[in-house]
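Notes for the one structure printed next.
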């Protein structure tokens, strides 16, 4: 195989990982562990494969001798790594820890073979000017082995002596600062001046000789600090690492001043190194500012984009943009053409990628960030298109390439700057247009008939614990009111005034200055995110001064732009309640499919990895009745989880909705502060617990007000089998919940929730669905029905008409088992309060239809019915 064919073949692995990352980004909401997957497809997949290929290429060049085994040995290492990385990803997506262990072992083996090969290659080489740089690659490979071990421990049950937060930070440091960082620093020393077409200065060479020691020492301090639990030592390690990194980057800046960047490879590499230094520096600042491991781990999540997209993705693309034309060959003319192809739109691409990521870090509305992220990713992915075009040019040769048509023209840099800025502005405008309220559109205009004082009253207002502080603002008539608003709460809030002014949504820690306008009359304000207003999150603007009454102007309707119904306003004010359209006697239409109530047996897995994504979707909850529900994985109730006592559940919660949400698993016992915290749009968290007690447990959103979040669909069941659970022929699960219907296609009515006045009660999220689509059973079969009362307010009393229960299990204990001591005992209902659960067992004596209901009959008559069809 030719040199060009060899490099094309092995680098196709990098492109495959990039394509896999693109697919994960596009379909992330349908995949388990989506954030983990996108990060590791980039780092463990594309970046690590590129490092294995090109560090060997540079070692061959620097040492002036090939490695033992040559291409065959490298192909074997790449094969081992690719298989290992794919196995790790498969193990994480399926939640099977032994598979993850096997994949991690293969990745570690590839890293060891890589380091050993480079070490042996260096030992037998003649002295060379830059041969010492290979030490960076050897050290990086050994660090990767430790990083993989930390990742494998992190993926499994909590059997290690370290907390998950400590392991997570160690894993990040070892893989990003160690494996990728050391490799990049060792390569940049030689590659950066090569890309700039500059000479390597002696001081840069000396910096390279001294930098490795502080980099390794700083990394060691960080890892030791993570394992020992001593947070201040992490900060010391970051400072030492930054010192080593600065030795190299200072020389890189000097070289850039002497020979300014002029190609995409140079621009992209410069940007990547800036993101790297800035991210490490931010890491150190976070450590100094945060002394708690859990808080530090959460804060470091904000650095995922700078580390992965800003640094790693850009450095890989920059290196390949320079190296691909080199290995494609074909002579100077062809190399110029392929290099020009990979340099298309260089300034435009760099500005859009880095400008988009910078904007993403600002407190912008969620939809604006989503649009920006897709624009940035699309521009990053354009490298694949240009690389494929470059390969085609190299294969055709210079004559055919020049005869095929006009070559790409170098556009003016100023034109590309303007175009890139326009693309970013357009992305922001599109995001704002989709959700204008979140951007605070709707400014008040002063009434020309009122004499203005020319003064401005400025008020500092905070939002915390579902309250505005202060909640009464006094303003002299004719003054302009400006509110400096800060959200100190864990949940997302906003400010809406009845004159139409709105702040837009603010996440925790965000600030906004709101110009309310010229104040001429008393006004009311509130948080428009449902149902915060009904929970008391309101404030008043009171006009003072003798002219207040005479200059008053009519206030706007609460339905004005930015008012109660902007964003997630209350549904009852925007239309008649859908309760008027609910007919409990109406039969489900043809084609309706009831939710599958059957419950599969618990698997043999002891570690369950679960991905739950929060969305907002309009869902039919009864024939002809729809509501805008907040859902876990697109359904209410959310997916039913099942396991045994001692099993470990690792749940990744991602918020793809437009407001803050959370989750609370009753099946686990742990401090709620971090895992049950509210996360904003686009955020995610990991919630891990061990099931130490059996039962039928509820999980639900714990964001205030919980009653409305539960009533609007955010609940589900976790079944933990008792150790002595007997086998049965069929198992079903029923989760009862209440609906407090808002208008058609809108959210629940919070006032009804607070008044405990439901319009409808249902099993598994749809009224009477099992009455119209009965569950199956056969005469003589033993049937177990698990029941969980999700509430949020009412009791249930589960009853099967014509049936008798010989076994009743409630709140983790048997109230009746196999008919009791005489074998003749029975039970007629399973009574449960909100958030309680259990199961009943029965056999059907003869064929027929056996209805089941909650024997709180008013609730049964409002939708909580079903039936068994027994054959």
Q.
Just checking, does segment 662-683 include any residue being without any contact (Cβ under 8 Å) to a residue 12 or more places away in the chain and closer than 22 Å to residue 154 by Cα?
A. yes
Q) What do you reckon, is residue 728 part of a loop (DSSP other than H, G, I, E, B) and in the same structural domain as residue 818 (by TED's automatic domain parsing)? A) yes
Q: Considering only segment 459-507, state which residues are within 20 Å of residue 683 (Cα to Cα), outside any strand (DSSP E or B) and touching a strand residue (DSSP E or B) at 6+ places or on another chain (Cβ under 6 Å).
A: 488, 489
Q: Looking for whichever is in a helix (DSSP H, G or I) and surrounded by fewer than 24 Cβ atoms within 10 Å (Cβ to Cβ) here; the options are 234, 146, 238. Which one fits?
A: 146
Q | Filter result (part of a helix (DSSP H, G or I) and surrounded by fewer than 24 Cβ atoms within 10 Å (Cβ to Cβ)) within segment 694-719 | A | 706, 707
Q) Using beta carbons and a limit of 9 Å, which pairs, at least six apart or on different chains, have the first residue in segment 578-591 and more than 21 Å from residue 629 (Cβ to Cβ) and the second one at pLDDT 90 or above and not in a loop (DSSP other than H, G, I, E, B)? A) 587/771; 587/772
(Q) Kindly evaluate residue 113 against the criterion of being in a helix (DSSP H, G or I), farther than 21 Å from residue 205 by Cα and in the same structural domain as residue 87 (by TED's automatic domain parsing). (A) yes
Q. Filter segment 243-259 for residues that are more than 12 Å from residue 270 (Cβ to Cβ) and buried (at least 19 other Cβ atoms within 10 Å of the Cβ); which is nearest to the chain's Cα centre (by Cα)?
A. 245
(Q) Which count do you get for residues in segment 524-555 that are more than 39 Å from the chain's Cα centre (by Cα) and either surrounded by 17 or more Cβ atoms within 10 Å (Cβ to Cβ) or modelled with pLDDT of 50 or more (or both)? (A) 6
Q.
Among the residues that make up segment 138-151, is at least one of them under 22 Å from residue 222 (Cα atoms), assigned by TED's automatic domain parsing to the domain that holds residue 219 and in contact with a strand residue (DSSP E or B) (Cβ under 8 Å, 6 or more places away or on another chain)?
A. no
Q | Among residues of segment 737-758, those that are buried (at least 24 other Cβ atoms within 10 Å of the Cβ) and either modelled with pLDDT of 95 or more or part of a loop (DSSP other than H, G, I, E, B) (or both), counted | A | 11
Q | Residue check for residue 173: in contact with a helix residue (DSSP H, G or I) (Cβ under 8 Å, 6 or more places away or on another chain), closer than 30 Å to residue 650 by Cβ, buried (at least 18 other Cβ atoms within 10 Å of the Cβ) and modelled with pLDDT under 90 | A | no
**Q.** Failed criterion for residue 325 (all others in (1) buried (at least 22 other Cβ atoms within 10 Å of the Cβ); (2) closer than 30 Å to residue 34 by Cα hold)
**A.** (2)
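How many residues are without any contact (Cβ under 8 Å) to a residue 60 or more places away in the chain and either more than 25 Å from residue 775 (Cβ to Cβ) or surrounded by 24 or more Cβ atoms within 10 Å (Cβ to Cβ) (or both) if we restrict to segment 720-736?
Final tally of qualifying residues: 1.
State whether one or more residues within segment 95-112 are over 28 Å from residue 170 (Cβ atoms) and either in contact with a strand residue (DSSP E or B) (Cβ under 9 Å, 6 or more places away or on another chain) or crowded, with 20+ Cβ neighbours inside 10 Å (or both).
Taking segment 95-112 as the starting set, the residues that turn out to be over 28 Å from residue 170 (Cβ atoms) are none.
No, segment 95-112 has no match at all.
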Q. Within segment 753-767, which residues are within 18 Å of residue 862 (Cβ to Cβ) and touching a residue at least 60 places away in the same chain (Cβ under 8 Å)?
A. 753, 758, 759, 760, 761, 762, 763, 764, 765, 766, 767
Q. Do we have any residue at all in segment 69-83 that's over 21 Å from residue 320 (Cβ atoms) and touching a strand residue (DSSP E or B) at 6+ places or on another chain (Cβ under 8 Å)?
A. no
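Residue by residue through segment 202-212, note down the ones that are in contact with a helix residue (DSSP H, G or I) (Cβ under 7 Å, 6 or more places away or on another chain) and surrounded by fewer than 18 Cβ atoms within 10 Å (Cβ to Cβ).
203, 209, 210
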Q) Can you tell me which of 104, 90 is part of a helix (DSSP H, G or I), more than 21 Å from residue 122 (Cα to Cα), without any contact (Cβ under 8 Å) to a residue 40 or more places away in the chain and assigned by TED's automatic domain parsing to the domain that holds residue 28? A) 90
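The values are calculated or read from the model by the stated rules, or taken from the named source; none is laboratory data. Here the structure is a predicted model, which is why all the values come from computation and not from measurement. Here the Cβ is made from the backbone with ideal geometry for all residues, glycine too, and neighbour counts use every protein chain on show.
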